[in-house]
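Structure record follows, encoded as structure tokens.
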Amino acid sequence: MTEFTERTLMIISEIPKGKVMTYGQVAYMAGSPKAARQVVRILHSMSEKYHLPWHRVVNKKGEIALLSDDAKMEQITRLEAEGITVQQGVINLEEFQWMLE
């Protein structure tokens, strides 16, 4: 496993309930600012194995980026259960984005 992948898994696993991060933000924090698509691949292939809170990662506009209607609904349901407001598939990043210190 690459160092970037390890850092990505750690960052995503630490996103607290009720907060979200963007793919690009995770990539930046993991040391590769232009690797947002790699974060998507890591989430797709490793979320289940590492029990990642995949639903807490959204695109840079705060949008649910999943294509499948069922997956979108699952993500929205999980986020709303944590108190995150989702309006027409969009999360207010000013209110719900988590910033690592």
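When the stretch 45-69 is filtered for residues that are of a type in the set (Gly, Ala, Ser) and either within 22 Å of residue 9 (Cβ to Cβ) or surrounded by 17 or more Cβ atoms within 10 Å (Cβ to Cβ) (or both), the ones remaining, listed by number, are 45, 47, 62, 65. Taking the stretch 1-15 as the search range and keeping residues that are of a type in the set (D, E, K, R) and assigned to a helix (DSSP H, G or I), which one is surrounded by the most Cβ atoms within 10 Å (Cβ to Cβ)? Taking the candidates together, the pick is 7.
Residues in the stretch 16-35 that are surrounded by 20 or more Cβ atoms within 10 Å (Cβ to Cβ) and either assigned to a helix (DSSP H, G or I) or in contact (Cβ under 8 Å) with a residue 60 or more places away in the chain (or both): 7 in all. Based on this model, can you work out whether residue 72 counts as closer than 14 Å to residue 26 by Cβ and surrounded by fewer than 20 Cβ atoms within 10 Å (Cβ to Cβ)? Considered against the rule, which asks whether it is closer than 14 Å to residue 26 by Cβ and surrounded by fewer than 20 Cβ atoms within 10 Å (Cβ to Cβ), residue 72 comes out as no. Taking the stretch 37-76 as the region of interest, how many residues are within 28 Å of residue 2 (Cβ to Cβ) and in a helix (DSSP H, G or I)? The qualifying residues number 19. Can you tell me which residue is farthest from the chain's Cα centre (by Cα) among those in the stretch 82-94 that are exposed (fewer than 11 other Cβ atoms within 10 Å of the Cβ) and at negative phi? Among those residues, the one meeting the criterion is 87.
Being in a helix (DSSP H, G or I) and in contact (Cβ under 8 Å) with a residue 40 or more places away in the chain is a property that residue 79 has. Being within 11 Å of the chain's Cα centre (by Cα) and hydrophobic (A, V, I, L, M, F, W, C) is the requirement here; does residue 21 meet it? Yes, satisfied.
No lab work stands behind these numbers, since they all come straight from the coordinates. Bear in mind the structure is a predicted one, so any value in this text is a computation, not a measurement. Counting neighbours? That spans all protein chains shown, and the Cβs are built from the backbone with ideal geometry, glycine included.
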